[in-house]
Ligand SMILES: Nc1ncnc2c1ncn2[C@@H]1O[C@H](COP(=O)(O)OP(=O)(O)OP(=O)(O)O)[C@@H](O)[C@H]1O
Ligand SMILES: [Mg+2]
């Protein structure tokens, strides 16, 4: 027994139920013997991870884990250097990078101390080490997946130009990001780009129907509609909600259950905060966001994304909507100006969303 | 059900332990005695002074004592805030008709105490009608009334001459320690007396401030996993004259509109506080009464100040500090919606951040395990946590299997809201599994 989102992932490209065209094309490329380096773009709700899983299974079979390496660039760079230095996975790259620097200084007789390794230097070292390692079993190559590659610094991207060429016979790279604009042109030209859009409502519904049937879960049409509304047509969130309610022993899922659950997991904090602010209950609305930022550790990026979706779905006149979106863009810009350090961001960001929420409150 | 990811918002100790009996209000013996005597007089008929004014510095028990008296006397309470526009309407109405039993006691049995808090901040100082009306009510009332203020000279003359003064003073150090000890005991905290003494000394008689400091320090200690509160943990507390100056500053920003005197206060305070810290003092003490679009004026400037502070930290250029600090003081003062007393809390940002980081550590460990097991990015894995925790709370069988798949340890199971049984079952099935394997080996050995 596992999570439904996991159980119903395609176990190969031929099983893909979203993005079938892209999956077919990739399948052909793989059978011809060569998977290109890939850039996969799409928002969070494009269900990218299913396609990635299908690629890995098709290339390596069931035990694909031995031959792939993956990391979240976003998480890496928003973690404090101090924490990374003790991180079970990254720790060694800090010392390796230092050794390497020392070696080079020695070699060229440079009279300098190697000093402290920065996050960026350690990450370069990590990329190099991974790229160098040989594939396991009878495979010719390994996969190296960089999640949220938008966050790769220019410097690292540039160093990847050579690394990709040097190790391309044994390592294939996959860059996962929201939009390829954040990658430098030379990297883009080395990769085949796949743009994934969000699955259509029909596709999502069809799949959910199939799953609930197989799992013997009763959910009627109206309830399914309500579920999709609550999750903004997000496939993974919808399936997770079904999973939770089923785990609670509900054979038949009711609209009330969905409402109650979305309250419990603060899924509705986003919507409620905007609605409260529009009603002039700004302090309540600020509290809801405090909870997301300081207890759940939600990132500002997600906050803004969710607010944007919420506002789109609100039933208010289009003038007001435009106004809310415009102000949200300002908030986004302001947040971009904050230091990247997560602690600093949390410390200085609060007044920014307070300002936003009070600015949309009625006079 | 609530306990899982959201560790409940900690209640503020000042509210949780607000004394409900006069005898639990520390210090201020004389004031309490006068108050009690006045209360007793009402039982024997109408006393000469039907209106009291409680005057004294913040956080020494004025509001608390008024309520405690009412409770002891079984009086109902009607509280009005002088700076609330409605108050003056209500009062005018009362003044028009009879401010007597009928209206004030709302037809209810027994006495009703009317408390007018923040009486030094009567809504719209220019509201002559309002002032006159209040004075009239004070003169006519046949019900007990209490006016409360920090500064009696900010009260109208009519209020002063129609009430009897009871002065509240800062309790002394041992008295404050007594209040702290009580709370520490109820919270089950082991605190050395010299540590509490240090907190009390630092607060100089501000009981509310001392309790807030105690709570802040205890949260910090808990985050660090320490069990006892020692004197050396009581560091980094703002000095009390510093705190006094901060309050003066808050008062000037929110309660007045005097550019020059704010400048003066700011000059005194500046060497003692970084704009970074001041920002949170101001942000967390915005008057209770501002809500909705009212908040926008002050927030506009605080947001600007934050951006300047961000620049300091990204560019290392400290000249932005002065812009930041001007925004948050003069800016807010000029653009506030109305004069209103600030709250008097220490900044809560530290507590928020430490909660965030202790949650973060646990979340990160779980996130990494999800990411490793399911080939997810850590960002996507994080999205799974709330659902996972719902399942762990509600379905034991599934919980055990998930805990095994994800290799969750006892702490992590607990963080996700699962109970101990899950972990025990997990261990048991692990052992069985091992036994089976051993048995298999033995049998293989037998036949081999
Ligand atoms: N003398 C005291 N004894 C015990 N606790 C006190 C005392 N004074 C204040 N406190 C604590 O501080 C909190 C605030 O006190 P209170 O509201 O009575 O202050 P106040 O004098 O009315 O201040 P302000 O002028 O700011 O309104 C109370 O809830 C209580 O926890
Ligand atoms: Mg008070």
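The values are calculated or read from the model by the stated rules, or taken from the named source; none is laboratory data. Please read all numbers here as calculations on a predicted model, not as lab measurements. Quick reminder, even Gly has a Cβ in these numbers, built from the backbone with ideal geometry, and neighbours come from all protein chains shown.
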Exercise for the section: Return a yes/no flag: does segment B:375-397 have any residue that is more than 30 Å from residue B:291 (Cα to Cα), within 9 Å of chain A (Cβ to nearest Cβ) and surrounded by fewer than 17 Cβ atoms within 10 Å (Cβ to Cβ). Expected result: yes
Problem - Segments classed as helices (runs of 4 or more DSSP H), wholly inside segment B:115-225, with at least 2 members that are within 16 Å of ligand 2 (Cβ to nearest atom) - result: B:207-224
Problem - Filtered residues of segment B:147-183 (kept if touching a helix residue (DSSP H, G or I) at 6+ places or on another chain (Cβ under 7 Å) and under 30 Å from residue B:227 (Cβ atoms)) - result: B:171, B:173, B:176, B:177, B:179, B:180, B:181, B:183
Problem - Enumerated helices (runs of 4 or more DSSP H) restricted to segment B:254-331, each holding at least 1 residues that are over 30 Å from residue A:277 (Cα atoms) - result: B:259-269, B:296-315, B:320-326
Exercise for the section: Provide a single number: the residues in segment A:165-185 that are over 17 Å from residue A:52 (Cβ atoms) and part of a helix (DSSP H, G or I). Expected result: 6
Handout entry: Close pairs from segment A:50-75: first more than 8 Å from chain B (Cβ to nearest Cβ) and over 15 Å from residue A:36 (Cα atoms), partner part of a strand (DSSP E or B) and at pLDDT 95 or above, Cβ under 6 Å, at least 6 apart
Key = A:69/A:144; A:73/A:146
Exercise for the section: Please indicate, with yes or no, whether at least one residue in segment A:352-363 is closer than 18 Å to residue B:328 by Cβ and more than 7 Å from chain B (Cβ to nearest Cβ). Expected result: yes
Practice task
Scan segment B:36-81 for residues that are outside any helix (DSSP H, G or I) and either free of Cβ contacts under 8 Å to residues at least 60 places away in the same chain or more than 16 Å from ligand 2 (Cβ to nearest atom) (or both) and report the count.
Solution key: 15
Problem - residue A:267 vs. criteria outside any helix (DSSP H, G or I) and either modelled with pLDDT under 95 or on the phi > 0 side of the Ramachandran plot (or both) - result: yes
